[in-house]
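A.B. asks: Here it is: the structure, laid out below.
Bear in mind that the values in this text are calculations on the coordinates, not laboratory data. For clarity, every value in this text was computed on a predicted model and none was experimentally measured. So basically every Cβ, Gly included, is an ideal-geometry build from the backbone, and we count neighbours across all protein chains shown.
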Amino acid sequence: AQKVTQAQTEISVVEKEDVTLDCVYETRDTTYYLFWYKQPPSGELVFLIRRNSFDEQNEISGRYSWNFQKSTSSFNFTITASQVVDSAVYFCALSEIYNQGGKLIFGQGTELSVKP
Amino acid sequence: NAGVTQTPKFQVLKTGQSMTLQCAQDMNHEYMSWYRQDPGMGLRLIHYSVGAGITDQGEVPNGYNVSRSTTEDFPLRLLSAAPSQTSVYFCASSYSRGGRNSNQPQHFGDGTRLSIL
């Protein structure tokens, strides 16, 4: 069965600190997609990144970076020089690659609080 | 471009009442789904559809019905509301052609906050 674990329920940092959100997944599939979504206090879900299991290259987008390690089944998310606007709940999710549409299995979420 | 539209945004029901949560998308997406979000549990899939006339159960389907008569609409029905169904409900849609073109990022609606008394 598929499972996503975000062991960090809450993280609190001071502005400008770097912070890493952990995501560990379980799947018996050899091909799959991983996602990160952000849920700000306003409640909507914002797509951040999609990564397929064939591509283990790390990715950087501005202050955001993602470290995908297939060997440890992890897809961690790092925010560099955090800002108050980064305060949100972040979800990691997993989907089978040949599942039409891609049913998402979500982790429990990590609530990040960035204090000024 | 409206994206995924959910109505209502808030609703309070009494136990045993029925209601329909509406979801509409204007992106011509084949795939639509409903999730519920509960504290500490992330989002869990209730029902999904890969196209008009096709629906299937997700992880937590009990107490909910769906139908997909058009590509645009995917309503979620609570037949007899129970306090355990108090939650925030999200509808999502995505483009899907299966295979390597599947699993496109899902677009989520803003959510419906439902309270069952």
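A.B. asks: With charges only on Cβ, +1 for K and R and -1 for D and E, what is the dipole size of chain B about its Cα centre, in debye, rounded to 20?
C.D. replies: For this selection, approximately 180 debye.
A.B. asks: If amide hydrogens are placed 1.01 Å from N in the peptide plane, which non-local residues have theirs closer than 5 Å to the one on A:Glu15?
C.D. replies: Residues meeting the criterion, in which the H sits 1.01 Å from N, are A:Lys115.
A.B. asks: Given a Förster distance of 22 Å, report the FRET efficiency between A:Ser42 and A:Arg63 from their Cβ-Cβ distance, rounded to the nearest 0.05.
C.D. replies: Working: r = 20 Å, r/R0 = 0.92.
Here the calculated transfer efficiency is 0.60.
A.B. asks: Could you compute the net charge surrounding A:Leu112? Neighbours are other residues with a C-beta less than 10 Å from the C-beta of A:Leu112; K and R count +1, D and E count -1. Don't skip to the answer; put the middle values down first.
C.D. replies: Numbers: positive: A:Lys38; negative: A:Glu10, A:Asp86, A:Glu111.
Surrounding charge for A:Leu112 is -2.
A.B. asks: Counting only the backbone N, which residues of the range A:44-66 are under 18 Å from the spot 7 Å out from the Cα of A:Val13 toward its beta-carbon?
C.D. replies: Taking a point 7 Å out along Cα→Cβ of A:Val13, the residues of the range A:44-66 whose backbone N falls under 18 Å are A:48-49, A:59-66.
A.B. asks: Tell me the trypsin sites (Lys or Arg not before Pro) within the range B:1-40 that lie in a loop according to DSSP and have at most 14 other beta-carbon atoms within 10 Å. All intermediate terms of the calculation are to be shown ahead of the outcome.
C.D. replies: Details: sites: B:Lys9, B:Lys14, B:Arg36; in loops: B:Lys9, B:Lys14.
Taking the range B:1-40 and a limit of 14 other Cβ atoms within 10 Å, the loop trypsin sites (Lys or Arg not before Pro) found are B:Lys9, B:Lys14.
A.B. asks: Find the relative contact order for chain A and round it to a whole percent, using C-alpha pairs within less than 8 Å whose residues are 6+ positions apart. Numbers along the way, then the final one.
C.D. replies: Numbers: 288 pairs, mean separation 44.1, N = 116.
Reported relative contact order: 38 percent.
A.B. asks: If you average 1/r over all unlike Cα pairs in the protein assembly as shown and invert the result, what Kirkwood radius do you get in angstrom?
C.D. replies: On the way: mean 1/r = 0.0549 Å⁻¹.
About 18.2 Å for the protein assembly as shown.
A.B. asks: While we're here: Would you be so kind as to identify which of A:Tyr32, A:Thr72, A:Ser12 lies farthest towards the positive end of the dipole of the range A:10-99, taking Lys and Arg as +1 and Asp and Glu as -1 on Cβ and the Cα centre as origin?
C.D. replies: Going by the Cα projections, it comes out as A:Tyr32.
A.B. asks: Please enumerate, by chain and number, the aspartates and glutamates with C-alpha under 13 Å from the C-alpha of A:Lys16, excluding those fewer than 8 residues away in the same chain.
C.D. replies: Straight-distance partners of A:Lys16: A:Asp86.
A.B. asks: Within the range B:1-86, report the GluC sites (Glu not before Pro) that DSSP leaves as loop and that have at most 14 other Cβ atoms within 10 Å. Could you put the intermediate results ahead of the total?
C.D. replies: Working: sites: B:Glu30, B:Glu59, B:Glu72; in loops: B:Glu30, B:Glu59, B:Glu72.
When the GluC sites (Glu not before Pro) of the range B:1-86 are filtered for loop state and at most 14 Cβ neighbours within 10 Å, B:Glu59 remain.
A.B. asks: Let me ask something else about it. What percentages make up the Cα-Cα pair-distance distribution of chain B when the bins are 10 Å wide from 0?
C.D. replies: 15, 49, 30, 6, 0
A.B. asks: Same structure again: Taking a threshold of 21 Å on the Cα-Cα distance, which of the pairs A:Lys3/A:Lys70; A:Lys38/A:Lys115; A:Lys103/B:Lys14; A:Lys3/B:Lys9; A:Lys115/B:Lys9; A:Lys38/A:Lys103 fall above it? Don't skip to the end; give the middle numbers.
C.D. replies: On the way: A:Lys3/A:Lys70 15 Å; A:Lys38/A:Lys115 18 Å; A:Lys103/B:Lys14 31 Å; A:Lys3/B:Lys9 30 Å; A:Lys115/B:Lys9 30 Å; A:Lys38/A:Lys103 18 Å.
Cα-Cα > 21 Å for A:Lys103/B:Lys14; A:Lys3/B:Lys9; A:Lys115/B:Lys9; rest within.
A.B. asks: Let me ask something additional. What is the range A:21-116 by shape, rounded, prolate or oblate, if you read a ≥ b ≥ c off the alpha carbon gyration tensor as root eigenvalues and call it rounded for a/c under 1.5, prolate for a/b larger than b/c, and oblate otherwise? Before the final figure, lay out each step's value.
C.D. replies: Working: a/c = 2.21, a/b = 1.58, b/c = 1.40.
Prolate, since a/c reaches 1.5 and a/b exceeds b/c.
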